[in-house]
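Below is one structure, written out as structure tokens; the observations come after it.
The values are calculated or read from the model by the stated rules, or taken from the named source; none is laboratory data. The shown structure was predicted, so the numbers you read here are calculated from the model rather than taken from an experiment. Note: ideal-geometry Cβ built from the backbone for every residue, glycine included; neighbour counts use all protein chains shown.
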Ligand SMILES: O=C1O[C@H](COP(=O)(O)O)[C@@H](O)[C@H](O)[C@H]1O
């Protein structure tokens with residue numbers, strides 16, 4: 001079921017699937033379409049991914065026809081957030097994506113932009129921003145017309161039950177960061193504590209943002225983010241994902257969508 005929120009200032013679409021396999025297929029189609037359009041328009045595709053359950057939901061990209069039709073050589077891969085651990089550590093978002101996706105498709109290894117894992121979280125955030133700045137200069141990553149931020153072709157976000165996206169956690173000062181593109185946290189409420197993360201201005205400058213959510217543990221966060229809950233409820237981080245000119249698509253399974261108000265479903 002695909003629903004567009006035409007009245008909302010944010011260009012938002014809800015894609016709700018009963019079967020996980022259908023969600024995976026729809027997500028793969030969506031990524032393939034944006035990849036094709038970006039390669040046609042700019043010659044490259046810049047995609048920032050997250051960690052967690054998202055990676056397992058990208059599995060269709062490894063299957064026909066996607067593994068054959070995708071122009072993998074044009075992909076430039078980034079992380080919307082990363083845990084500051086060694087690349088072979090079980091908590092590494094890079095390792096998760098490498099093992100689950102990137103090592104199985106012909107993405108060019110020099111196009112895979114992982115963080116420097118041998119420095120502090122603060123330095124890793126600075127380094128990562130520097131890497132992105134170089135690629136903005138060469139237009140591998142576009143630049144936003146409305147901010148001085150990079151404009152990724154696509155940012156894929158997961159969602160925590162507390163409403164966090166990337167490593168932007170509820171009530172954390174990183175949510176207020178407006179100056180830098182990549183910031184760091186050393187006190188993440190979810191282990192491991194040290195992380196780097198895209199800031200909200202960067203996420204909201206992307207051409208396309210997808211929030212991919214499955215499972216009933218996240219249904220309350222989905223409700224708080226999408227339904228018109230009024231001022232008595234907390235504004236959780238995912239609700240601050242409001243692309244300025246880009247398009248926001250939610251991929252939900254029935255469980256994650258189970259607490260949505262009917263009024264959100266009939267728009
Ligand atoms: O810690 C993180 O959590 C979120 C959500 O993960 P999930 O396993 O509940 O889907 C993830 O999107 C983020 O990249 C990761 O660092």
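Are there any pairs, at least 6 apart or on different chains, whose C-beta atoms fall under 6 Å, with the first in the stretch 56-67 and loosely packed, with under 13 Cβ neighbours inside 10 Å and the second modelled with pLDDT of 95 or more, and if so, which?
Correct list of pairs: empty, since none qualify.
Restricting the first residue to the stretch 36-52 and requiring it to be over 12 Å from residue 154 (Cα atoms), which pairs with a second residue that is outside any helix (DSSP H, G or I) and within 16 Å of the ligand (Cβ to nearest atom) meet a Cβ separation below 6 Å and a spacing of at least six or different chains?
52/158
Check off (1) in a loop (DSSP other than H, G, I, E, B); (2) buried (at least 18 other Cβ atoms within 10 Å of the Cβ) for residue 197 and give me the number that stays unchecked.
The number of the failed condition is (1).
Go over the candidates 117, 26, 88 one by one and state the one that is surrounded by fewer than 19 Cβ atoms within 10 Å (Cβ to Cβ), in contact (Cβ under 8 Å) with a residue 24 or more places away in the chain and away from the ligand (no atom under 16 Å from the Cβ).
Answer to the check: 26.
Counting only residues that are assigned to a strand (DSSP E or B) and within 16 Å of the ligand (Cβ to nearest atom), how many does the stretch 134-159 have?
Total satisfying the criteria: 4.
Which one is surrounded by the most Cβ atoms within 10 Å (Cβ to Cβ) among residues in the stretch 32-55 that are within 10 Å of the ligand (Cβ to nearest atom) and in a helix (DSSP H, G or I)?
54
Can you name the condition, by its number, that residue 193 falls short on among (1) out of contact with any helix residue (DSSP H, G or I) (no Cβ under 8 Å at 6 or more places or on another chain); (2) within 14 Å of the ligand (Cβ to nearest atom); (3) in contact (Cβ under 8 Å) with a residue 12 or more places away in the chain?
For residue 193, the failing item is (3).
Of the residues 99, 71, which is out of contact with any strand residue (DSSP E or B) (no Cβ under 6 Å at 6 or more places or on another chain) and exposed (fewer than 15 other Cβ atoms within 10 Å of the Cβ)? Full working, then the answer.
Numbers: 71 fails: exposed (fewer than 15 other Cβ atoms within 10 Å of the Cβ).
From the options 99, 71, the qualifying one is 99.
Does residue 220 satisfy the criteria of being surrounded by fewer than 24 Cβ atoms within 10 Å (Cβ to Cβ) and not in a loop (DSSP other than H, G, I, E, B)? Break it down into steps so the answer makes sense when it comes.
On the way: surrounded by fewer than 24 Cβ atoms within 10 Å (Cβ to Cβ): yes; not in a loop (DSSP other than H, G, I, E, B): yes.
Yes: the conditions hold for residue 220.
Out of 176, 208, 254, I need the residue that is exposed (fewer than 15 other Cβ atoms within 10 Å of the Cβ), away from the ligand (no atom under 14 Å from the Cβ) and modelled with pLDDT of 95 or more. Which one?
176
So, residue 162, is that one part of a loop (DSSP other than H, G, I, E, B) and near the ligand (Cβ under 10 Å from one of its atoms) or not? First the steps, then the outcome.
Working: part of a loop (DSSP other than H, G, I, E, B): yes; near the ligand (Cβ under 10 Å from one of its atoms): yes.
So residue 162 passes the test.
Determine whether the stretch 83-93 contains at least one residue that is modelled with pLDDT of 95 or more and part of a strand (DSSP E or B). Outline the logic, then answer.
Looking only at the stretch 83-93, we keep the residues that are modelled with pLDDT of 95 or more, and these are 83-93.
Filter once more, keeping what is part of a strand (DSSP E or B): 83.
There is at least one residue in the stretch 83-93 that is modelled with pLDDT of 95 or more and part of a strand (DSSP E or B).
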